[in-house]
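Here the structure is laid out as structure tokens; the discussion comes afterwards.
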Amino acid sequence: NNSDLYCIGCGAKLQTTDPNAAGYLPESSLAKAQSGESELYCQRCFRLRHYNEIQPVGLTDDDFLRLLNLLGQADALIVNVVDIFDFNGSLIPGLHRFVGDNPVLLVGNKADVLPKSLRRAKLRDWLSHQANANGLHPVETVLMSAKNQSDIESLMHTIEKYRNGRDVYFVGVTNTGKSTLINGILKQTAGVSDLITTSRFPGTTLDRIRLEMSDGSGLIDTPGIIHRNQMAHYLDAKDLRLVSPSKVIRPKTYQLNDEQTLFLAGLARFDYLRGPRAGFTVYADNQLMIHRTKLETADDFYDRQKGDLLQPPRQGDEFPDLARVEFTPKVDSDIVFAGLGWIKVPAGAVVAAYAPEGVDVVMRPAMI
Ligand code: GDP
């Protein structure tokens, strides 16, 4: 009887009948796990941990809605984890409506990839402002790196400050580092490391996981909400590191004349249409290939070099056409290619930005 066994990697209920559904485990592996010979991982998490491969599993929008509704019914502290490298892409639309009266602690994760020159206090203010603009009013905003144990420790103190004996729910879009954070907390509290599966593949945490705290209240990890228009969905496993930078980003500034174009590999494009010669700074993974060309020849260049010089996408990859949006910022602004990075643009410049159809391109007041 396996009716009450759950995968310790992703939290899905274990089952031995449908290899394509969440929580699948072959009968024989289940027997081993039950006899204590091996740990209770579903096949998917097992493979992910050992071979870094992924199998797609269907999780419906209804599941997510149900999860979000649960937040409003609970009496809890909601910890919303966002990726500061992909802030716009990691907001949960309408979260403020779902949380009810529960306080929200906003956690900006992956602070370690931002340039050291960046003033942390300024960035935190920026983060709060952006949250407010989206209707979310956190009790506090924290900047941290889930890879840093002392950051985890101070987060735990902040959580204690606001939770008042209540449960704590962790929510976030996939790939924000929520599992890494929970693992860090586990390590801190129980000395168990890497119990929950973490990976770069969007959508690997499937079901709720409840960790008991000393006073009996729970620390609850929820499934990462999948943003369909994350750039990650269009990248091969080998190229995912481009949207999950692991090293400090070195900004690259280009002095551009009008009618010049920058390609961010074959994934995105930026045209400087009108304005005086000026500096444009690209914030993206250090390995992302950037190519400058004339606007005049850019269309043709893209058609010929996509998948070749402009890689990724790789040859033969299914990749949508790039969609174009025009901007004229009134103040110094970032043009954000959701998940990939951003380009800082001076006030008054007339520019066009391109990303795959469905991936957001937005303008925001400059972060740096
Ligand atoms: P989840 O889908 O939100 O649970 O995200 P994961 O915990 O699986 O992390 C997604 C990716 O981000 C993985 O490649 C992690 O190694 C990486 N990651 C998580 N936290 C951090 C962090 O604080 N800094 C950096 N640089 N990468 C992180």
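The values are calculated or read from the model by the stated rules, or taken from the named source; none is laboratory data. Quick caveat, the model's predicted, so the values are computed rather than measured. We place every Cβ from the backbone using ideal geometry, glycine too, and count neighbours over all the protein chains shown.
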What number of residues within the range 70-92 are assigned to a helix (DSSP H, G or I) and within 14 Å of the ligand (Cβ to nearest atom)? 5
For the range 17-28, pairs from a residue that is hydroxyl-bearing (Ser, Thr, Tyr) to a residue that is assigned to a loop (DSSP other than H, G, I, E, B), with Cβ under 9 Å and 6 or more apart or across chains, are Tyr24/Ala12; Tyr24/Leu14; Tyr24/Thr16; Tyr24/Thr17; Tyr24/Asp18; Tyr24/Cys42; Tyr24/Gln55; Tyr24/Val57
Taking the residues in the range 213-236 that are at pLDDT below 75 and farther than 13 Å from Val173 by Cα as candidates, determine which candidate is surrounded by the most Cβ atoms within 10 Å (Cβ to Cβ). Met213
Looking at the range 148-179, which of the residues that are in a loop (DSSP other than H, G, I, E, B) and under 20 Å from the mean Cα position of the chain (by Cα) is farthest from Ala338 (Cα to Cα)? Asn148
Return only the number of the condition from (1) farther than 22 Å from Asp167 by Cβ; (2) buried (at least 17 other Cβ atoms within 10 Å of the Cβ) that Thr141 does not satisfy. (1)
Failed item in (1) in a helix (DSSP H, G or I); (2) modelled with pLDDT of 80 or more; (3) surrounded by fewer than 20 Cβ atoms within 10 Å (Cβ to Cβ), with Arg49 passing the rest: (2)
Filter the range 21-42 for residues that are within 21 Å of Thr222 (Cα to Cα) and in a loop (DSSP other than H, G, I, E, B); the one that is farthest from the chain's Cα centre (by Cα) is Leu40
